[in-house]
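Structure record follows, encoded as structure tokens.
Bear in mind these aren't lab numbers, they're just calculated from the coordinates by the rules spelled out. For clarity, every value in this text was computed on a predicted model and none was experimentally measured. With ideal geometry, Cβ positions are generated from the backbone for all residues, glycine too; neighbour counts draw on all protein chains shown.
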Amino acid sequence: MNKTKIEASLKGSMGFEMDLNGHNLIIDAAEEIGGDDLGPRPKQLLLAGLIGCTGIDVMSILKKMRVELDDLEIHVEADNTEEHPKVYENIHLTYIFKGKDLPHDNIEKAVTLSQERYCGVTAMLEKATPITYDIVIEENGG
């Protein structure tokens, strides 16, 4: 079994500093609840992890298909529940592909493969909340 292990130490009043594969990261709470705002919030990092996971999948698949993009933006929106524990009750991703003569079928296949087969973050989060997505293709002239 391949284990993931991260250790964290207190930084300021509520923050935690950790090393992730040689990359320093601080997670903290907002000042209005007693934190020092030294870094992002933990739940935001779940969404950032989702973007990173699916984005890496999609780019890897498209490279194998020899599809070249000018840019890919991925936006995520999530609604929080009102009661504690406040969790995301739905998550929506928007993939925005930019380029010239982009093959729509290959792009849709890459996103579908990421969402339905490869992205471990999607697989974990889907156990707790629905994840939906849209694909937008912006053709650049030239």
Task: Residue among H84, N106, Y95 farthest towards the positive dipole end of the chain, charges placed on Cβ - done: N106
Task: Linear extension gain, I137 paired with E77, 0.36 nm per residue minus alpha-carbon span - done: 19.7 nm
Open item on the list: To test your reading of the geometry: what angle, between 0 and 90 degrees and rounded to tens, separates the Cα axis of helix 104-113 from the longest principal axis of the chain?
Closed with: 40
Open item on the list: What's the ranking of 110-123, 127-140 by average number of surrounding C-beta atoms within 10 Å, highest first?
Closed with: 110-123, 127-140
Open item on the list: Can you tell me the length gained on complete extension of the stretch A123 to T4, counting 0.36 nm per residue apart and subtracting the Cα distance?
Closed with: 41.1 nm
Open item on the list: Counting only pairs 8 or more residues apart or on different chains, how many lysine pairs in the chain have their Cα atoms under 29 Å apart?
Closed with: 25
- [ ] Report, to the nearest 10°, how far helix 42-64 tilts away from the longest principal axis of the Cα atoms in the chain, using its own Cα long axis and a range of 0 to 90°.
- [x] 20
TODO: Return the calculated 222 nm mean residue ellipticity for the chain, to the nearest 500 deg cm²/dmol, obtained by summing -39500 (n - 2.57) across DSSP H runs with n ≥ 4 and dividing by the residue count.
DONE: -9000 deg cm²/dmol
- [ ] Quote the FRET efficiency, to the nearest 0.05, computed for H92 versus R66 with a Förster distance R0 of 25 Å and r equal to the Cβ-Cβ distance.
- [x] 0.25
- [ ] Using only alpha carbon pairs under 8 Å that are at least six residues apart, calculate the relative contact order of the chain and give it in whole percent.
- [x] 18
TODO: Using a Förster distance of 35 angstrom, determine the FRET efficiency expected from the C-beta separation of L113 and S13, and round it to 0.05.
DONE: 0.20
